[in-house]
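Undergrad: Here's a structure for you.
The values are calculated or read from the model by the stated rules, or taken from the named source; none is laboratory data. The model shown is predicted, which means the values in this text are computed figures rather than measured ones. Cβ placement follows ideal geometry from the backbone for every residue including glycine, while neighbour counts extend to all protein chains displayed. Accessible surface areas use protein heavy atoms only, side chains included; no ligands, DNA or RNA. Shrake-Rupley method; radii C 1.70, N 1.55, O 1.52, S 1.80 Å.
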Amino acid sequence: AYPFPTYRGSLVLAFGYQRLTPLSTDYLREGVIEAPSGDNPGILEVESFYEDGGVDFWTFGMAGDLSPKISIGGTLSFLAGSTEQSFEIGRLRLFSNGSTDVNGSDEVFLASETLDSEISGWTYSIGVLGRPSEKTRIGVTLNGAESYDFDGYTTTQFEDQEKIDRQEFGFLDQIDLPLSLLFSAAFTPNNFLLTGDVRWTDWSQIDFEGP
C-alpha cells in the first residue's frame, strides 16, 4: 500500500498477490492380482493420478476519506492459472521379467485420460465506512459477482487386445457466482468492542455453462 499526500482527506493505493493453491498431486497404486508362473503371465492392476499447476490471485485497491466522517474504497481482483491432469487405470498382463502388455487376454485393458485447462476470473468490491460518532462505525460493502472460465481440452484413450480408441475434445466451462451485500457496525464503549454484521446474497444469480 502507498499513501498519497493530499490537501484534504487521504488517498491510498494498494496491490496484493496471493498464490491461492498449488495444484500438485502425484498418486500411484498397483498390485499383483495373479503372479506370473513360468511362461504363464499374471495380472497386474495399476491406477495413477498426476496433477500439476496453480492459481494466482492479484488485487488492486484504492481508498480515501471523502470527509472526516466518510471513507470509501474499492478493489478489482483477477485470477489466473492452469492445471494439467492425467489419470490411468488398467489391468495388464505381467510377465516373469517384469514387462507388461494388454494383449492375449480378455481380462486386460488400459484406460487413460488427460486434461489441460487454463483458468481465469475476476471480481470487484466497493465499501463505504461511516463514523457518525467517536465511538460508532457503520459500514456497507458490495462484493460483486464473480466470473470464472475454464478453457481447455481432454484426451481419452482405451486400449485392449482388439483395439485402441482415442478421442480428443475441447471444452469451455463458465461459472458465475452471485453478488452480496455486507452490512456491519461497531461500537466502542470504554474498554470494550462490540461488532456485528449481516450479509445478503442473491443466490439466484448462480449460473453454469459447459458440457
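Undergrad: Restricting to the range 188-205, give me the number of residues that are open to solvent by less than 90 Å² (accessible area, probe 1.4 Å) and of a type outside the set (G, A, S).
TA: Residues flagged as open to solvent by less than 90 Å² (accessible area, probe 1.4 Å) and of a type outside the set (G, A, S) within the range 188-205 amount to 5.
Undergrad: Taking the conditions exactly as written (more than 24 Å from I89 (Cβ to Cβ), of a type in the set (A, V, I, L, M) and open to solvent by less than 60 Å² (accessible area, probe 1.4 Å)), does L182 satisfy them or not?
TA: For L182, the condition - more than 24 Å from I89 (Cβ to Cβ), of a type in the set (A, V, I, L, M) and open to solvent by less than 60 Å² (accessible area, probe 1.4 Å) - is met.
Undergrad: Turning to a different aspect of this structure: Residues of the range 65-93 being of a type in the set (A, V, I, L, M, F, W, C) and modelled with pLDDT of 90 or more, which ones?
TA: Result: I70, I72, L76, F78, L79, A80, F87, I89, L92.
Undergrad: Identify all residues within the range 78-96 that are without any contact (Cβ under 8 Å) to a residue 60 or more places away in the chain, among the polar types (S, T, N, Q) and farther than 20 Å from R29 by Cα; write none if there are none.
TA: S82
Each row is one residue, and each column tells you yes or no for (1) under 30 Å from I164 (Cα atoms); (2) not in a strand (DSSP E or B).
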{"position": "L20", "(1), (2)": "no, no"}
{"position": "T75", "(1), (2)": "no, no"}
{"position": "S82", "(1), (2)": "yes, no"}
{"position": "G104", "(1), (2)": "yes, yes"}
{"position": "L115", "(1), (2)": "yes, no"}
{"position": "Y124", "(1), (2)": "no, no"}
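Undergrad: Oh, and also: Take residues that are in contact (Cβ under 8 Å) with a residue 12 or more places away in the chain and under 16 Å from S120 (Cα atoms) and tell me which of the strands (runs of 3 or more DSSP E) falling wholly in the range 169-211 contain 2 or more.
TA: Fully inside the range 169-211 and qualifying: 207-209.
Undergrad: Could we say that A63 is under 28 Å from R199 (Cα atoms) and in contact with a helix residue (DSSP H, G or I) (Cβ under 8 Å, 6 or more places away or on another chain) here?
TA: no
Undergrad: List the residue pairs whose Cβ atoms are under 6 Å apart, where the first residue sits in the range 33-54 and is closer than 30 Å to S82 by Cβ, the second is basic (K, R), and the two are 6 or more positions apart or on different chains.
TA: Short answer, once both residue conditions are applied: E47/R29.
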